[in-house]
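See below for the structure under consideration.
The values are calculated or read from the model by the stated rules, or taken from the named source; none is laboratory data. Model, not experiment: these values are computed from the prediction. Backbone-built Cβ (ideal geometry, glycine too); neighbour counts: all protein chains shown. Side chains included, ligands, DNA and RNA excluded: accessible areas come from the protein's heavy atoms. Shrake-Rupley method; radii C 1.70, N 1.55, O 1.52, S 1.80 Å.
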Amino acid sequence: MKLRVTYFLPTLLLVVSTLNAQLKAVDVQHLPLDQSREWAHPQFSPDGNLIYLTTMGFNGIWEFSPATQSLRQITGDPGSGFGFTVSPDGGQLAYRRTSTDEKTHERLQEVVLVNLADKTTRVLESGETV
């Protein structure tokens, strides 16, 4: 029993100490982005070579390459920037698209998957909301 406590306590202290670790910024760079938009919610690609971002209103998703300083629009769908995610391999991006029927005011929600290599899209799921 004493042997277990001897190993348990140091292990517990190691786990707790790593949970309290702090990040340290080593460099701050301003991205050369279009100043006519208010950019928000950046996400790095899994390999860290690209940055995906949207606007303050979540309208559209863009891909920025720090290496080439180029900005490429992935989608212009309204609200698409809210909760988008990049696949673990960095090859695809998923987002929610919402469209409203002007006559009935019914909303259609779609989960869209974008292949980032060729920008082809595929609707994975869709459904109406009230």
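I'm trying to understand the selection: among the residues of the range 81-113, which are open to solvent by less than 30 Å² (accessible area, probe 1.4 Å) and among the β-branched types (Val, Ile, Thr)? Within the range 81-113, Val86, Val112 meet the criteria.
The residue that is least open to solvent (accessible area, probe 1.4 Å), among those in the range 51-72 that are free of Cβ contacts under 8 Å to residues at least 24 places away in the same chain and more than 15 Å from Ala40 (Cβ to Cβ), is Ser65.
Does Thr120 qualify as being out of contact with any strand residue (DSSP E or B) (no Cβ under 7 Å at 6 or more places or on another chain) and under 16 Å from Leu33 (Cβ atoms)? Write out each step before concluding.
On the way: out of contact with any strand residue (DSSP E or B) (no Cβ under 7 Å at 6 or more places or on another chain): yes; under 16 Å from Leu33 (Cβ atoms): no.
The answer is no for Thr120.
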